[in-house]
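Structure first, then comments.
The values are calculated or read from the model by the stated rules, or taken from the named source; none is laboratory data. These figures come from a predicted structure and were not determined experimentally. Cβ placement follows ideal geometry from the backbone for every residue including glycine, while neighbour counts extend to all protein chains displayed. Keep in mind that these areas ignore ligands, DNA and RNA; they rest on the heavy atoms of the full protein, side chains included. Shrake-Rupley method; radii C 1.70, N 1.55, O 1.52, S 1.80 Å.
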Amino acid sequence: MQMIKLSVIALAVAAASTQMAVASQQSESNGFIEDSKLDTHARVLYMNRDFRNDSGTTTRNSYNEDTGLGLKAIYESGFTQGTVGFGVDAFGLQGIKLDSGRGRNGNGQFPTHSNGKAQDNYSQAGGAVKARISNTVLKYGNQFVSLPVLATDDSRLLPETTTGFLVTSNEIENLELNLGHFTALSAQSQTGHDSVSDDDYGTLRSLDLVGGRYNFTDDLSVAYYYSDADLGHKGDGNRLEIKKHYTNVNYTLPIADAQSLNFDFNMYNSKFNDKDAPRGDRSSTNNVWSLAAAYTLDAHTFTVAHQRVTGGQDAGYVYGYDGGGAVFLANSVQYQDFDQKGEKSYQARYDLDMATFGVPGLSFMTRYVRGSNIDSGTRNDGKNWERDIEAKYVLQSGAAKDLAFRVRQATYRSNDAAGTVDNNEVRLIVEYPLSIL
């Protein structure tokens with residue numbers, strides 16, 4: 001891919017020409033063992049979904065309820081000393097079913113047997129090798145990634161993982177550049193190396209990405225990312241190429257002490273090439289953008305947002321092949337993303353940080369999103385809405401410091417033209433991160 005090849009050259013030239021524009025991280029290395037880190041994380045997740053207008057013709061249960069325990073151990077070595085430093089990263093993941101049943105399984109927490117019963121436990125292990133020169137790191141292997149065009153999801157017991165190489169360069173002050181090539185993505189509820197598969201688009205064959213973020217000031221930053229993904233395999237009838245562009249502008253306007261106004265603009269442009277479709281029907285596009293404005297006054301934050309989807313792609317904004325988190329949009333909320341074909345949506349949100357009132361670690365959030373103009377192919381009057389309520393408390397001190405308790409509730413409703421199922425959802429989450437090294 002010519003653009004990626006040119007980007008590799010440009011990244012190398014930029015790294016070589018900066019002549020230590022910022023202090024070299026590699027020159028400050030203390031060693032492979034000395035800079036090592038070992039972090040563990042435990043998460044208990046109870047989740048139920050009550051689908052209210054399910055036709056009963058799908059394989060989904062009308063009521064899903066399960067509880068699980070997810071354990072993560074992540075080791076990151078330091079880098080050896082010298083001009084080029086070398087190191088390794090490794091992780092171990094373990095998921096344990098605490099409660100579920102064949103009639104209630106379906107929330108995506110556990111692998112599922114052919115009889116519909118959730119697997120009692122599952123695990124995964126992986127690792128990556130890495131090298132660093134100056135302020136540029138090359139990592140190859142199994143890893144977690146959080147970029148707008150490739151973002152591994154961590155919304156269940158265990159996170160997705162992806163396999164490939166990623167270059168992260170911070171040679172120029174206030175500028176981060178990323179370049180990557182990935183060939184596999186594992187699902188949150190699976191242990192297979194290449195287990196994320198969409199019914200329409202199949203598995204990920206390869207994904208190339210390039211982009212970066214530049215901070216003009218502490219209050220203004222811009223980002224651009226590009227990805228080119230190949231999905232499906234020859235002969236399976238669903239080969240697809242998706243080229244995706246992402247743009248972000250984020251600006252904070254300080255007004256006074258403990259008072260500010262933030263603007264966040266996000267946009268994806270996706271171009272689809274269906275390689276197995278008849279000529280003339282292979283290409284389609286999708287554009288989705290969101291603009292959010294958030295006013296913060298002491299403990300209070302008031303947010304309003306607008307999001308709009310255009311283009312001829314029937315599926316609207318498509319993601320998941322590039323990670324379940326690759327949807328950096330304002331109206332991507334707990335249950336729905338409001339990203340269907342033709343959809344226009346608006347959000348009102350309120351956040352409260354109780355630290356100002358003498359209870360640090362306690363926070364509340366509520367939001368309401370309404371969508372309309374959904375194009376189902378035969379109608380364009382699809383409507384939907386979602387209301388979310390969340391409370392979270394994090395212990396601030398003591399032996400259990402950083403132990404977090406969170407409750408999330410979502411109510412979703414839509415008309416028949418929207419083509420989605422009504423849902424009442426509750427999640428109870430307990431998390432405990434611990435740094436050992």
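Observations on the structure shown:
- The peptide list 151-158, 247-254, put in order of mean Cβ contacts within 10 Å with the highest first, becomes 151-158, 247-254.
- Measuring nothing but how far apart in sequence close Cα pairs (under 8 Å, 6+ apart) lie, relative to its length, segment 210-286 scores a relative contact order of 24 percent.
- Across all Cα atoms of the chain, the radius of gyration (one decimal) and Dmax (whole number) stand at 22.6, 65 Å.
- Across 233, 300, 113, mean-square fluctuation computed from a Gaussian network of the chain (C-alpha pairs under 10 Å connected) peaks at 113.
- Overall form of segment 209-332 per C-alpha gyration tensor (a/c, 1.5; a/b vs b/c): prolate
- Listed by chain and number, the lysines whose alpha-carbon sits under 28 Å from that of residue 383, ignoring those within fewer than 8 places in the same chain, are 244, 271, 341, 344.
- Qualifying lysines (Cα of each under 20 Å from Cα of residue 130; at least 8 residues distant if same chain): 37, 139
- Carbon and sulfur %, accessible surface of segment 290-417 computed with the full protein complex present, 1.4 Å: 55
- In segment 264-360, Rg over Rh equals 1.15, where Rg is the alpha-carbon radius of gyration and Rh the Kirkwood radius from pairwise Cα distances.
- Put 434, 98, 175 in order of accessible area, highest first, and with a 1.4 Å probe you get 98, 434, 175.
- Each part reduced to its alpha carbon centroid, segment 157-180 and segment 234-301 end up 19 Å apart.
- Based on C-alpha pairs under 8 angstrom that are at least 6 apart in sequence, segment 241-367 has a relative contact order of 19 percent.
- GNM flexibility winner over the chain from 223, 256, 418 (Cα, springs under 10 Å): 256
- Coil-residue trypsin sites (Lys or Arg not before Pro) of segment 242-275, DSSP, other Cβ within 10 Å capped at 16: 275
- Selected from 105, 415, 178 as most flexible by GNM, with the chain as the system and alpha-carbon contacts under 10 Å: 415
- Segment 337-413 and segment 52-123 have their alpha-carbon centroids 23 Å apart.
- Our analysis of segment 362-405 gives Rg over Rh at 1.41, with the two radii drawn from alpha carbon positions and Rh computed by the Kirkwood formula.
- Table column - 3J(HN,Hα) (Hz), segment 309-315, Karplus curve with 6.51, -1.76, 1.60, x for Gly and Pro: 10, 9, x, x, 5, 4, 7
- Our helix-only sum for the chain, with -39,500 (n - 2.57) per DSSP H run of n ≥ 4 divided by its residues, gives a mean residue ellipticity at 222 nm of -1000 deg cm²/dmol.
- Remark: the chain carries 47 Å² of accessible area per residue (probe radius 1.4 Å; ligands, DNA and RNA excluded).
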